[in-house]
Amino acid sequence: MIKTDCLVIGGGPAGMSVALSASQNGSKVVLVERDEVLGGILNQCIHNGFGLHYFKEELTGPEFAYRFRKMVEKDKNITVLLNTLVTKIEDQKVEVVGSVGRETIQAKAVILAMGCRERTAANISLCGTRPMGIMTAGTAQKMVNIDGKMPGKDVVILGSGDIGLIMARRLTLEGAKVHAVLEINPTSSGLRRNIMQCLEDFDIPLLYRHTIFEVVGKDRVEGVYYGQVDENYQPIQSSKKFLPCDTVVLSVGLMPEMNLASFVPVSRVTNGAIVNEYYQTSKEWLFSCGNILHVHDLVDNVALEAQQVGKFASLYAQGKLPLQSKPIEVAHTKDFGYVLPSVVYEGEGEVEVKFRLKNKVVKKTIVAKCNGVVLDKKFVLAGVPGEMLKLSINKNGAVGKIELSVE
Amino acid sequence: MSKNNVFDVLIVGGGVVGACVLNKLTRIGKKCLLIDKASDVATGASKANSGLVHAGYDPKPNTLKAKLNIRGNKLYPKLCKRLGVKLDKCGALVLGDDETQLDNLYQRGLENKVYVEKWDRKQILEKVPDLADHITCALYARDAYIVSPYFFTISVADEAVLNGAKVSLEEDLVSVEKKDDIFEVVTKKAIYYAKQIVNSAGAGYNEVAKLLKAEEYPLEFRRGEYFVFDKIKDFNVPCTLFTMPTKLGKGVLITPTIDGNFLLGPTSTESDTQTKVTSEGLDEIRNKAQLIVKNINFRNAIRQFSGVRVISGDDFVVEKSKVADGVINIAGICSPGLTSAPAIAEMVTKLLGFSLKEKENLKLLKKRVLFKELSKAKQIQLCKENKNYCSIVCKCEEITKGDVIEALNRPIKVASVDAVKRRCNAGMGRCQGGFCFTKVVAQIIKERKIAYEQVKKENRGSEVCLSDIREVNND
């Protein structure tokens with residue numbers, strides 16, 4: 001059995017950042033990563049646009065990962081276990097299989113930092129046959145960027161998430177023809193800059209309120225029937241058209257996968273654990289951060305969040321986390337997708353609350369109130385659901401419930 | 001043609017029936033060859049069905065279906081034990097709200113000499129707490145089992161190969177001529193000689209029958225769509241739950257699978273041979289699910305698939321051809337085909353003029369034990385002995401590199417991602433191969449010593465990539 005203060009599950013940006021922070025705050029850390037190298041999904045994201053907030057310069061995914069990796073490797077308080085997968089979490093004991101063989105690791109604090117996974121064809125009940133050529137954008141990205149192989153040459157992309165947009169450009173640059181990006185929603189969840197740089201610059205049409213009705217092809221994708229959907233997302237049959245293609249790339253959302261810790265309550269909105277001010281789940285020794293907690297917009301925000309959580313976990317492991325006073329519920333109006341954390345504690349000081357809007361807002365103010373008293377507010381020129389926003393709330397004197405609203 | 005090159009029996013079609021025939025004939029000492037156009041055995045209806053070994057209360061008494069179902073059901077436990085294939089004797093309930101209907105089914109069960117009981121709602125609730133409200137009664141069939149239909153078929157074929165049978169995949173039949181009582185079978189790959197031929201080509205039966213100059217039958221295809229659910233235990237389904245046909249039409253079934261998932265389906269729609277899922281089919285299942293158990297959460301569905309059943313009239317066709325001497329016709333093996341397959345093999349053996357007595361000293365297939373199924377102590381030991389077991393390829397199903405290597409080194413050598421999936425479950429979990437697809441491809445390349453471009457998802461034409469990057473010609 002291996003013993004440690006903090007055990008971090010996942011060696012992507014969240015895991016590396018949380019491990020560094022926990023170590024800097026005085027804990028011995030074991031970092032478990034299932035792949036052969038640290039970095040997680042960043043290693044296959046060879047495009048740029050990372051690090052603008054965290055490092056104040058524009059980096060590629062592998063560069064961003066490299067900077068963190070170097071810091072982790074230098075840190076003598078962090079033991080990295082590569083090629084190692086956690087198979088079970090039970091009462092501060094974690095079962096692993098990997099470079100250490102079949103082992104048990106006991107930790108005072110366990111931090112979930114496994115990231116998320118892509119939603120699959122099954123998650124959207126994609127109709128039609130099941131031939132080769134239907135793949136998630138992440139799989140396509142791995143084939144092209146890591147394996148150096150072309151998954152297809154006539155591509156339709158379903159969903160306009162950021163990886164889908166990035167892959168539209170990537171596949172085009174490698175010689176494929178991307179015929180269209182179909183988005184069932186009236187807006188894209190992808191970043192504005194990606195729509196411009198990945199689609200508009202390459203004249204790739206982005207069709208809103210469109211989806212695939214049926215995939216055709218026995219062994220290989222031969223094409224798709226696609227068309228418009230109505231307000232209830234039901235296909236409008238009269239708009240149905242056939243588009244020949246050999247590949248369907250899916251970019252239909254990301255979701256945290258909490259199966260390893262299915263014993264803690266999970267939010268129906270984020271699919272991640274429900275956490276308090278210190279990012280503790282319902283088990284006080286189990287923390288969560290990064291995309292396993294809620295899918296972030298930028299890796300920079302993942303790293304920043306993990307940095308905070310590393311401190312909390314480290315303090316907890318050393319028995320120094322402030323004793324929890326009376327809880328204050330953090331509620332929100334229907335204008336929000338979600339607000340996180342959902343519980344803060346009475347006392348002095350500021351607490352950072354993260355949220356996503358449900359719909360686009362223009363020139364509005366986000367207000368945090370407690371019993372009618374405004375604690376903090378933030379003016380938003382143009383807010384979109386794709387963007388993660390933050391509000392620092394001074395919680396001095398707040399009791400019972402804090403509510404966020406848009407005014 | 002030398003005598004050595006002549007097979008006693010050539011079997012066309014490597015579904016569960018063809019595989020069982022191959023296995024039985026090999027075990028009685030016959031020299032056999034099985035050919036299939038696909039890149040693996042069990043790629044048709046045998047891979048896409050409910051995975052049920054039916055008790056036999058359902059078929060009309062004295063039909064071939066009834067006889068073969070009941071005999072097949074009796075053969076399964078011993079056969080699975082020998083093959084090391086998991087069989088769960090979970091039993092089945094046929095749920096309904098009409099006592100008369102239940103009585104009829106019960107009588108049929110008794111006539112077919114199947115162990116059945118009549119249950120009331122209270123009894124059912126003890127076993128199925130989430131039961132739908134309108135259900136008042138059920139027929140309980142004790143001897144209904146669940147099995148992995150594809151892994152069973154693979155194991156049956158593998159065991160035959162281990163004992164000297166030959167399986168040749170990706171074969172396209174060109175012509176069949178009979179010369180001096182010997183069939184000359186020409187495929188695009190080779191010429192084979194055989195004394196007798198078994199046509200178990202399933203959906204392709206008539207195409208093969210034409211070449212054999214044997215009887216062709218009007219075949220009807222029915223598509224059955226299914227949902228596969230994650231292993232999360234939202235509700236408790238301890239056994240297979242069928243529904244009696246009611247005023248609302250024919251119901252669907254829900255069953256645990258041998259791997260711990262749940263299957264919900266099938267629909268039954270007249271179709272061609274395309275295995276596709278449709279929004280109508282999925283909606284039908286969603287609606288009918290509520291008639292079985294409450295609280296099914298479709299967010300936990302991890303896949304939808306469909307299989308096509310081949311139907312030829314009311315009963316199975318298993319017969320000696322009256323027009324083509326030396327040919328055995330097997331057609332229209334729909335449900336309960338999986339259950340009946342071992343019994344069909346016995347029947348075919350007799351039709352071919354052989355005795356059922358098996359040879360001695362036959363080899364036993366090495367039982368598949370996945371890493372995740374081992375005790376912790378054994379896992380620790382195996383990890384020390386072989387590093388491949390310390391490396392997890394598929395995280396959802398916890399399948400190690402060692403498991404994948406074993407899958408690729410079974411008697412029948414395969415080179416497709418789906419074939420690996422059927423042998424060790426890699427890619428069968430909730431992310432549906434999102435993480436492990438390229439890792440499995442890498443392992444196939446290594447074990448088979450082939451190029452990336454040659455690895456297939458399933459059959460010819462499903463190669464996983466086109467070329468290296470920047471080699472695409474898109475003029």
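The values are calculated or read from the model by the stated rules, or taken from the named source; none is laboratory data. Source: prediction; values computed, not measured. Here the Cβ is made from the backbone with ideal geometry for all residues, glycine too, and neighbour counts use every protein chain on show.
Check whether at least one residue in the range B:241-248 is more than 14 Å from chain A (Cβ to nearest Cβ), of a type in the set (D, E, K, R) and closer than 30 Å to B:Ala194 by Cβ, and report yes or no.
No - not one qualifying residue is present in the range B:241-248.
Among the candidates B:Leu219, B:Leu263, which residue alone is at pLDDT 95 or above and surrounded by 20 or more Cβ atoms within 10 Å (Cβ to Cβ)? Break it down into steps so the answer makes sense when it comes.
Values: B:Leu219 fails: surrounded by 20 or more Cβ atoms within 10 Å (Cβ to Cβ).
Within the list B:Leu219, B:Leu263, the selection yields B:Leu263.
If the requirement is being in a helix (DSSP H, G or I) and surrounded by fewer than 18 Cβ atoms within 10 Å (Cβ to Cβ), which of these qualifies: A:Gln324, A:Gln308? Explain how you work it out, then say what you get.
Working: A:Gln324 fails: in a helix (DSSP H, G or I).
Going through A:Gln324, A:Gln308 in turn, the sole match is A:Gln308.
Within the range A:69-127, how many residues are assigned to a strand (DSSP E or B), within 14 Å of chain B (Cβ to nearest Cβ) and hydroxyl-bearing (Ser, Thr, Tyr)?
2
Are there any pairs with C-beta distances below 9 angstrom linking a residue in the range B:316-327 that is touching a residue at least 40 places away in the same chain (Cβ under 8 Å) and in the same structural domain as B:Met347 (by TED's automatic domain parsing) to a residue that is in a loop (DSSP other than H, G, I, E, B) and among the small types (Gly, Ala, Ser), with the two at least 6 apart or on different chains, and if so which?
That search, which allows pairs on different chains as well, returns B:Phe316/B:Gly332; B:Val317/B:Gly332; B:Ser321/B:Ala214; B:Lys322/B:Ala214; B:Val323/B:Ala214; B:Ala324/B:Ala214; B:Val327/B:Ala214; B:Val327/B:Ser321.
Out of everything in the range B:436-471 that is assigned to a loop (DSSP other than H, G, I, E, B) and in contact (Cβ under 8 Å) with a residue 40 or more places away in the chain, what residue ends up being farthest from B:Ile399 (Cα to Cα)? Even if it seems obvious, please write down each step before you answer.
Residues of the range B:436-471 assigned to a loop (DSSP other than H, G, I, E, B): B:436, B:449-451, B:455, B:457-462, B:464-466, B:469-471.
Checking which are in contact (Cβ under 8 Å) with a residue 40 or more places away in the chain leaves us with B:436, B:455, B:457-460, B:462, B:464.
Values: B:Cys436: 10, B:Val455: 20, B:Lys457: 18, B:Glu458: 20, B:Asn459: 23, B:Arg460: 26, B:Ser462: 24, B:Val464: 21 Å.
Step by step, filter the range B:436-471, then rank; the result is B:Arg460.
Counting only residues that are in contact (Cβ under 8 Å) with a residue 60 or more places away in the chain and at the interface with chain B (Cβ under 7 Å from one of its Cβ atoms), which one in the range A:135-151 is surrounded by the most Cβ atoms within 10 Å (Cβ to Cβ)?
To start, the set of residues in the range A:135-151 that are in contact (Cβ under 8 Å) with a residue 60 or more places away in the chain comprises A:135-138, A:140-142, A:145-146, A:151.
The next check asks that each one be at the interface with chain B (Cβ under 7 Å from one of its Cβ atoms); those that pass are A:136, A:138, A:142, A:151.
Values: A:Thr136: 28, A:Gly138: 23, A:Lys142: 22, A:Pro151: 26.
Residue satisfying both the conditions and the ranking: A:Thr136.
Going by what's in this entry, would B:Arg303 be described as over 24 Å from B:Ala165 (Cβ atoms), assigned by TED's automatic domain parsing to the domain that holds B:Gly260 and either under 19 Å from the mean Cα position of the chain (by Cα) or modelled with pLDDT of 95 or more (or both)? Give the derivation first.
Details: over 24 Å from B:Ala165 (Cβ atoms): yes; assigned by TED's automatic domain parsing to the domain that holds B:Gly260: yes; either under 19 Å from the mean Cα position of the chain (by Cα) or modelled with pLDDT of 95 or more (or both): yes.
Taking the combined requirement at face value, the residue satisfies it.
How many residues does the range A:276-293 contain that are out of contact with any helix residue (DSSP H, G or I) (no Cβ under 9 Å at 6 or more places or on another chain) and either at positive phi or touching a residue at least 24 places away in the same chain (Cβ under 8 Å) (or both)? Quick ask: steps written out before the conclusion?
The initial filter retains those residues of the range A:276-293 that are out of contact with any helix residue (DSSP H, G or I) (no Cβ under 9 Å at 6 or more places or on another chain), namely A:276, A:282.
Now narrow it down to the ones that are either at positive phi or touching a residue at least 24 places away in the same chain (Cβ under 8 Å) (or both): A:276.
Of the residues in that region, 1 qualify.
Quick grid of which residues meet (1) modelled with pLDDT of 95 or more; (2) outside the structural domain of A:Gly138 (by TED's automatic domain parsing); (3) crowded, with 17+ Cβ neighbours inside 10 Å:
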residue: A:Met16; (1), (2), (3): yes, yes, yes
residue: A:Ser21; (1), (2), (3): yes, yes, yes
residue: A:Asn25; (1), (2), (3): yes, yes, yes
residue: A:Val32; (1), (2), (3): yes, yes, yes
residue: A:Gly49; (1), (2), (3): no, yes, yes
residue: A:Glu58; (1), (2), (3): yes, yes, no
residue: A:Gly61; (1), (2), (3): yes, yes, yes
residue: A:Val96; (1), (2), (3): yes, yes, yes
residue: A:Ser99; (1), (2), (3): no, yes, yes
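Determine whether B:Phe305 is surrounded by fewer than 18 Cβ atoms within 10 Å (Cβ to Cβ), within 14 Å of chain A (Cβ to nearest Cβ) and closer than 24 Å to B:Tyr226 by Cα. Give the steps one after another, and end with the answer.
Numbers: surrounded by fewer than 18 Cβ atoms within 10 Å (Cβ to Cβ): no; within 14 Å of chain A (Cβ to nearest Cβ): yes; closer than 24 Å to B:Tyr226 by Cα: yes.
No: the conditions fail for B:Phe305.
What number of residues in the range B:349-393 are under 30 Å from B:Lys30 (Cα atoms), among the polar types (S, T, N, Q) and without any contact (Cβ under 8 Å) to a residue 24 or more places away in the chain?
Number of matching residues: 1.
Restricting the search to the range B:405-435, which residues are in a loop (DSSP other than H, G, I, E, B) and more than 10 Å from chain A (Cβ to nearest Cβ)? Give the steps one after another, and end with the answer.
To start, the set of residues in the range B:405-435 that are in a loop (DSSP other than H, G, I, E, B) comprises B:409-415, B:425-435.
Of everything in the range B:405-435, those that are in a loop (DSSP other than H, G, I, E, B) and more than 10 Å from chain A (Cβ to nearest Cβ) turn out to be B:Asn409, B:Arg410, B:Pro411, B:Ile412, B:Lys413, B:Val414, B:Ala415, B:Asn425, B:Ala426, B:Gly427, B:Met428.
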